[in-house]
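The values are calculated or read from the model by the stated rules, or taken from the named source; none is laboratory data. Note that the coordinates shown come from a computational prediction; the quantities given were computed from them, not determined experimentally. Every residue, glycine as well, gets a Cβ built from its backbone with ideal geometry; the counts of neighbours run over all protein chains shown.
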Amino acid sequence: MNITGIVTAILAGLFMGTMGVFSRKTGLDAEVITFFRLLFGAAFLTLLLIFTRRLRVLAVWPTWPVLINGLMLAGFIIFYIQAMYLTSMANAIMVLYLAPLVASVIAHFFLGEKLNLPSALLILTALFGFAMMMEFKIDFSSGTNHLLGLGFATLGLCCYSAFILINRTIRSTVHVYTRTFYQLLTGALCTVPFFITDFPTITGTNWLWLLGAGFIPGFLGILFAVIALERLPAATFGTLAYFEPIFVVILGWALFAETLNSLQLAGCLLIVASGAVKGYLTARNGRATCRHLPPNMEAL
């Protein structure tokens with residue numbers, strides 16, 4: 001049954017969508033926030049394993065694909081940050097969120113996760129809704145060095161696509177906690193060179209915000225994303241991933257008075273509708289598969 005995968009994919013988007021709030025509240029450099037998000041995320045996961053007496057799952061070799069995906073996680077975040085330095089946030093995120101679509105297409109041709117017509121239409125509908133949120137434009141009127149910024153965003157797109165695809169190909173023998181911990185830890189270590197020579201002063205209040213960033217978008221967000229990718233095809237995860245920018249928009253409206261026009265609101269509704277329909281179809285297909293399995297296989 002894919003209900004767990006659907007719920008965790010949506011929750012992953014919601015939790016990771018809070019990252020902008022923590023960034024604004026701390027005012028620290030993005031590299032520093034990224035480091036503590038991933039490092040504290042790994043620490044919270046370790047505490048969970050200690051309390052549940054499952055720490056032994058970390059005493060194994062995580063496999064090279066898991067470590068490589070830690071690099072992809074760090075690259076995705078760092079390239080996204082660099083893109084925002086050189087072009088607008090709208091430009092960067094518009095390019096970056098082509099990644100779920102790219103991953104779905106690659107999975108179709110190379111991983112045997114065939115896209116049927118409804119899946120393809122729902123992915124394109126979600127992408128169209130996202131374009132509506134961005135008002136069908138990539139703004140070149142502000143910022144500097146836009147072409148280089150879009151280049152960094154494209155590199156972030158590649159890393160995010162690889163993160164989705166590699167998680168889909170990691171052997172099921174690697175426990176979900178193992179792969180999550182080592183991806184978080186590897187990603188954190190990869191960000192150290194970006195700020196080690198100029199480490200900022202962090203106030204007591206900012207330490208609390210950093211702990212929050214490590215727990216919500218770090219620990220919960222990445223863990224649920226890995227769990228979802230273990231259970232869902234790339235196409236389904238790619239469609240549900242668009243709940244993240246929706247939640248970012250809602251938080252911006254609720255906390256920072258960032259308003260939306262009617263076109264952007266319509267785009268939000270289109271994305272939510274696409275995700276809901278995709279989730280329903282996935283759950284229905286899962287139930288149909290279970291009905292055709294022998295009783296002993298259903299129990300598995």
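Whether any residue in the range 134-155 is polar (S, T, N, Q) and touching a residue at least 60 places away in the same chain (Cβ under 8 Å) is what I want to check.
Checked the range 134-155: no residue is polar (S, T, N, Q) and touching a residue at least 60 places away in the same chain (Cβ under 8 Å).
Given the structure, is residue 162 buried (at least 23 other Cβ atoms within 10 Å of the Cβ) and within 17 Å of the chain's Cα centre (by Cα)?
When the stated conditions are applied, residue 162 does not pass them.
Failed condition for residue 212, given (1) assigned to a helix (DSSP H, G or I); (2) modelled with pLDDT under 85, with all others met?
Result: residue 212 fails condition (2) only.
Residues that are assigned to a helix (DSSP H, G or I), within 19 Å of the chain's Cα centre (by Cα), closer than 20 Å to residue 271 by Cα and at pLDDT 85 or above: does the range 147-155 have at least one?
Taking the range 147-155 as the starting set, the residues that turn out to be assigned to a helix (DSSP H, G or I) are 147-155.
Checking which are within 19 Å of the chain's Cα centre (by Cα) leaves us with 152-155.
Right, trim to closer than 20 Å to residue 271 by Cα and you get none.
No, because not a single residue in the range 147-155 is assigned to a helix (DSSP H, G or I), within 19 Å of the chain's Cα centre (by Cα), closer than 20 Å to residue 271 by Cα and at pLDDT 85 or above.
Regarding the range 40-63, can at least one residue be identified that is part of a helix (DSSP H, G or I) and within 21 Å of residue 165 (Cα to Cα)?
No, the range 40-63 contains no residue that is part of a helix (DSSP H, G or I) and within 21 Å of residue 165 (Cα to Cα).
Would you please name the residue that is modelled with the lowest pLDDT, looking only at residues in the range 1-20 that are assigned to a helix (DSSP H, G or I) and over 16 Å from the mean Cα position of the chain (by Cα)? Full working, then the answer.
The first filter runs over the range 1-20 and keeps only residues assigned to a helix (DSSP H, G or I), leaving 3-16, 19-20.
This time we only want the ones that are over 16 Å from the mean Cα position of the chain (by Cα), so: 3-4.
Values: 3: 83, 4: 86.
That would be 3.
Which condition from (1) more than 15 Å from residue 72 (Cβ to Cβ); (2) in a helix (DSSP H, G or I); (3) more than 17 Å from the chain's Cα centre (by Cα) is the one that residue 181 breaks?
(3) is the only condition that residue 181 fails.
Which residues, counting only those in the range 112-137, are loosely packed, with under 15 Cβ neighbours inside 10 Å and in a loop (DSSP other than H, G, I, E, B)?
Once the filter is applied, which keeps residues that are loosely packed, with under 15 Cβ neighbours inside 10 Å and in a loop (DSSP other than H, G, I, E, B), the range 112-137 yields 112, 114, 116, 135, 136, 137.
Looking for whichever is closer than 19 Å to residue 38 by Cβ and surrounded by fewer than 18 Cβ atoms within 10 Å (Cβ to Cβ) here; the options are 189, 185. Which one fits? So that I can check it myself, show each step before the final result.
Values: 185 fails: surrounded by fewer than 18 Cβ atoms within 10 Å (Cβ to Cβ).
One residue alone meets the criteria, 189.
Can you tell me which of 18, 26 is touching a Phe, Trp or Tyr at 6+ places or on another chain (Cβ under 6 Å) and touching a residue at least 40 places away in the same chain (Cβ under 8 Å)?
Working: 18 fails: touching a Phe, Trp or Tyr at 6+ places or on another chain (Cβ under 6 Å).
Answer to the check: 26.
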